[in-house]
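J.: A single structure is presented below for examination.
None of the figures in this text is laboratory data; all of them are computed from the coordinates on show. As the structure is a computational prediction, the values presented were derived from the model and not from experiment. Don't worry about glycine lacking a Cβ; one is built from the backbone with ideal geometry, like all the others, and counts go over all protein chains shown.
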Amino acid sequence: MSIEQTKLSICADDYGITDKVSEAIISLISIDRISETSCMITRPNIKNDINSLLIHKNKINIGLHLTLTDFNSLSSFNKDKKLPSYKNLFFSTLKRKISKNLINDEINSQLDKFENIFGFSPNFIDGHHHVHQLPVINNCLINIIKDRYKDNSYWVRNSAENFLKLIKRKTNFLKAFALSSYGNKFKKILENNNIKTNDGFSGIYNFSDQTNYEELFLSFLNNINNNHLLMVHPGYSDDKLKNLDSVTHTRNLEYNFLSSDIFLKILHDKKIKLNPLFKI
């Protein structure tokens, strides 16, 4: 008699932010510790290890990590081609004082580059700092992907989670609750447009250097459903990363845990099967 397993998807964000982060993600893919990765297509080094990622395209999902903050744009988003800070983007979208044309151009430019590099459209789309869920941006994205990809083969990530589950996890509740509020609205938009999306989300925390990631990971697994998505940020930290991003040391912590035997034992004991979301 077979034991029914819960299907879990683990997505490593930020492929391409630095060569060392990409190297760590490839390492985890090669030993079957993550099921998808989302790519920062705006980064100039995204092509450096593309063949190592493409080797695994049939067993994982490879997605676009839509980037609309902090880094350089691919379109003429600003005169200096610099994307805005998250704070500026956030308030611009709340006030509806952001150009849809600029957003559309940048989304299309990133999708174009993804397709040119990989030779196929993204299996899924999510956002750096979850920007794809913000007002104005969310509708721009949905209109574009529905127009570009008629076969509905893709899915889009949402950060919605049940309120009671968030309380039980006790991990950075306020941040998780805020993201879940945006995620709930976005999930409804996706469902109304018949776009596939994950059922449950976890992975939010404060990225403290003192994090006990094993303990944190266990909290992320509390009360999960099939097709739950767990977001991770593994990597090898170096000076280049420190100059680009505030999340550094915890990438090493996450990598060490995900590559460990303890990680495998937890999945086994909890009867959880790692599964690329909607992968046929």
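J.: How much length is gained on full extension from Asn104 to Lys57, taking 0.36 nm per residue of separation minus their Cα-Cα distance?
T.: Extra length from Asn104 to Lys57 when fully extended: 14.2 nm.
J.: Residues with amide H under 5 Å of Gly127's amide H, sequence separation 5 or more or different chain, H placed in the peptide plane at 1.01 Å from N; which?
T.: When sequence neighbours closer than 5 places are left aside, the close amide H contacts are Leu66, His132.
J.: Something else now. What full-extension length gain, to one decimal in nm, is calculated for Asn48 and Asn162 as 0.36 nm per residue of separation minus the Cα-Cα distance?
T.: Extending this stretch completely gives an extra 37.1 nm.
J.: List the GluC sites (Glu not before Pro) in the range 1-94 that DSSP assigns to loop (not H, G, I, E or B) and whose Cβ has at most 10 other Cβ atoms within 10 Å. Which are they?
T.: Sparse-neighbourhood loop GluC sites (Glu not before Pro): Glu4.
J.: If you don't mind, there's one more thing I want to ask. With a cut-off of at most 15 other beta carbons within 10 Å, and DSSP calling the residue loop, which trypsin sites (Lys or Arg not before Pro) in the range 89-159 qualify? Please list them.
T.: Here the trypsin sites (Lys or Arg not before Pro) that fit, given the DSSP loop and packing criteria, are Lys95, Arg96, Lys97, Lys150.
J.: For Cα pairs less than 8 Å apart in space and 6+ apart in sequence, what is the mean separation divided by the residue count of the chain, i.e. the relative contact order in percent? All intermediate terms of the calculation are to be shown ahead of the outcome.
T.: Values: 478 pairs, mean separation 71.8, N = 280.
Reported as a whole number, the value is 26 percent.
J.: Go ahead and run the numbers for FRET between Lys196 and Arg96, Cβ-Cβ distance against an R0 of 30 Å, rounding to 0.05.
T.: So, using R0 = 30 Å, E works out to roughly 0.60.
J.: Moving on to the next point. How long are the semi-axes of the ellipsoid equivalent to the chain, from square roots of 5 times the Cα gyration tensor eigenvalues, in whole Å, largest first?
T.: Values: eigenvalues 150, 90, 77 Å².
Equivalent ellipsoid semi-axes, largest first: 27, 21, 20 Å.
J.: Along the range 196-208, what does the Karplus equation 6.51 cos²θ - 1.76 cosθ + 1.60 (θ = phi - 60°) give for ³J(HN,Hα), rounded to whole Hz, x for Gly and Pro?
T.: 5, 7, 6, 10, x, 8, 8, x, 7, 7, 8, 6, 6
J.: Sticking with this one: Using only the Cα atoms of the range 1-122, each taken as one equal point scatterer with no solvent, compute I(q) by the Debye sum, divide by I(0), and report log10 of the ratio at q = 0.12 Å⁻¹.
T.: Taking Cα atoms of the range 1-122 as identical point scatterers yields -0.51.
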